[in-house]
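Okay, so here's the structure we're looking at.
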Amino acid sequence: MKIPFVSFLPMERELDKELRSAFDRVFASSWYIEGKEDEAFEKAFAEYCGTKYCIGVGNGLDALVMILKAMEIGEGDEVIVPSNTYIATALASTYAGATPVFVEPDIRTFNIDPAKIEAAITAKTKAIMPVHLYGQPCDMDPVMAIAKKYSLKVIEDCAQAHGATYKGKKISTFGDAAGFSFYPGKNLGALGDAGAVVTNDEALAQKVRALGNYGSDYKYHHIYKGNNSRLDELQAAFLSAKLPILDRMNAERRRIAGRYLSEINNPKITLPYVPDYAEPVWHIFGIRCDERERLEEHLKKAEIMTNKHYPIPMHLQECYKDLGFNEGDYPIAEEISRTELSIPMYYGMTDEEISYVIDALNSFN
């Protein structure tokens with residue numbers, strides 16, 4: 001049996017009529033930027049998240065960059081980010097002109113460890129950017145307490161966690177603003193690049209919108225040195241077609257994760273840890289194994305596709321060699337990078353496919 005790491009086919013088949021209708025509607029309108037589709041999706045997604053404002057942008061990285069710029073965080077400032085995450089989180093700080101400061105994760109959740117944040121705060125620190133990695137909510141109460149103590153901004157990176165909840169409340173509603181990615185592989189994915197900023201701060205929302213429209217508050221009037229990052233009408237229409245079934249798709253991911261957590265039983269494999277405060281949406285189901293390459297090959301022989309998130313930690317990436325880090329500087333991030341293996345997780349997996357993956361993992365010795 002061949003099991004892909006991810007497949008969009010079950011979801012796309014289910015929404016075939018809605019997606020084609022969305023395309024036809026936009027094509028017939030001859031209006032492709034900043035129109036009714038964008039307005040409708042922004043309103044619906046803000047309501048879904050429980051925030052007052054949503055601003056559609058070009059992608060998830062732009063969302064984080066423009067939040068930082070709207071907060072006037074830039075050259076000479078520092079932003080605390082997890083040492084274990086996708087590089088876009090750090091790049092956002094870099095592109096805004098600030099310096100990312102890495103803080104180690106909790107080895108159990110892979111998310112930033114709040115107990116390690118205070119030691120990284122300096123006079124230059126302006127914000128904390130927690131990531132809800134793999135769809136697992138970060139422990140936000142202590143993060144917010146630290147931010148309040150030191151008068152820091154909090155920017156939630158929600159790129160992998162659409163619909164996840166922390167203590168019963170949607171992520172993206174704790175910090176000053178949050179950035180989402182709608183890359184096709186996300187739990188809520190467009191059919192191309194797309195992203196959004198959500199916030200309850202009206203002034204920040206207005207500034208982010210202007211920054212994404214060449215710094216313009218109205219046509220040919222530019223109040224900021226902005227850039228071009230807007231959610232186009234076609235992607236907004238596709239996202240509007242998918243949003244109504246997001247909770248159902250997330251529930252199915254939780255069902256699959258529940259089987260993995262209860263039925264994978266192999267002492268060589270460390271399963272994800274879910275704290276009591278978290279209701280993840282399982283964008284990624286990441287296990288750990290000291291013999292990862294051998295396990296990867298074992299699954300490959302069974303025609304089960306996997307992925308590694310992320311095999312080179314950020315502080316050891318060539319693009320950040322200017323920060324002067326060496327191997328061993330962030331041992332927990334390095335340990336996760338060395339041992340993490342992501343197994344198939346997507347809406348539409350059959351029980352037979354799930355059982356096949358579980359049996360293959362249990363047979364590894």
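The values are calculated or read from the model by the stated rules, or taken from the named source; none is laboratory data. As the structure is a prediction and not an experimental result, all values here were calculated from the model. When we count neighbours, we look across all protein chains shown, and the Cβ atoms used for this are built from the backbone with ideal geometry, even at glycine. Areas reflect the complete protein model, heavy atoms only, side chains present, ligands, DNA and RNA absent. Shrake-Rupley method; radii C 1.70, N 1.55, O 1.52, S 1.80 Å.
Rolling a 1.4 Å probe over the protein chains gives Glu293 an accessible area of about 100 Å².
Counting only DSSP beta bridges with both residues in the chain, the antiparallel share comes to about 60 percent. Rolled with a 1.4 Å probe across the full set of protein chains, the surface gives Lys219 an accessible area near 150 Å². Separation of the stretch 314-365 from the stretch 253-297 is 10 Å, based on Cα centroids. The modelled label-to-label distance for the pair Thr99/Ser151, using points 7 Å beyond Cα in the direction of Cβ, is 2.2 nm.
With a simple spin-label model that places each label point 7 Å from the Cα along the Cα-to-Cβ direction, the separation between Gln317 and Lys124 comes to 1.9 nm. If you plug the beta carbon distance of Glu39 and Leu261 into 1/(1 + (r/R0)^6) with R0 = 41 Å, you get a FRET efficiency near 0.50. Computed from the C-beta positions of Lys301 and Gln206 and an R0 of 51 Å, the FRET efficiency is 0.40 to the nearest 0.05. Near Ser342: Cβ cut-off under 15 Å, other residues only, Lys/Arg at +1 and Asp/Glu at -1. The net charge is +4. For Tyr86, neighbours were defined as the other residues whose beta-carbon sits under 15 Å from its Cβ, and their charges (Lys and Arg +1, Asp and Glu -1) total -3. Taking the Cα centre of the chain as reference, the dipole from Cβ charges on Lys and Arg (+1) and Asp and Glu (-1) amounts to some 440 debye. Taking packing as the residue-averaged number of other Cβ atoms within 10 angstrom, the listed peptides 124-133, 334-343, 31-40 run from highest to lowest as 124-133, 334-343, 31-40. Taking the DSSP beta bridges in the stretch 1-127 as the whole, what percent of them are antiparallel, to the nearest 5? Looking only at bridges with both residues in the stretch 1-127, the antiparallel portion is about 10 percent.
For the stretch 97-198, the share of DSSP beta bridges that are antiparallel, to the nearest 5, is 55%.
Fully extending the segment from Glu47 to Ala115, taken as 0.36 nm per residue of separation minus the present Cα-Cα distance, adds 21.2 nm. When a/c reaches 1.5 or more, the comparison of a/b and b/c decides; with that in mind, is the stretch 144-237 rounded, prolate or oblate per its Cα gyration tensor? It comes out oblate by the Cα gyration axes.
A probe of 1.4 angstrom, applied to the heavy atoms of all protein chains, finds Val274 with accessible area near 50 square angstrom.
For the chain, relative contact order (Cα pairs under 8 Å, six or more residues apart, normalised by length) works out to 22 percent.
Comparing Cα centroids, the stretch 133-207 and the stretch 226-241 end up 18 angstrom apart. Shape class for the stretch 57-164: oblate, because the ratio a/c of the largest to smallest gyration tensor axis (alpha-carbon atoms, square roots of eigenvalues) is 1.5 or more and b/c is at least a/b. Coupling constants for the stretch 266-278 follow from the phi torsions by the Karplus curve (6.51 cos²θ - 1.76 cosθ + 1.60, θ = phi - 60°), and in residue order they are 8, x, 7, 10, 9, 8, x, 9, 10, x, 4, 6, 10 Hz; glycine and proline get x.
For Tyr95, neighbours were defined as the other residues whose beta-carbon sits under 12 Å from its Cβ, and their charges (Lys and Arg +1, Asp and Glu -1) total -1. The alpha carbon centroids of the stretch 109-131 and the stretch 82-101 are separated by 12 Å.
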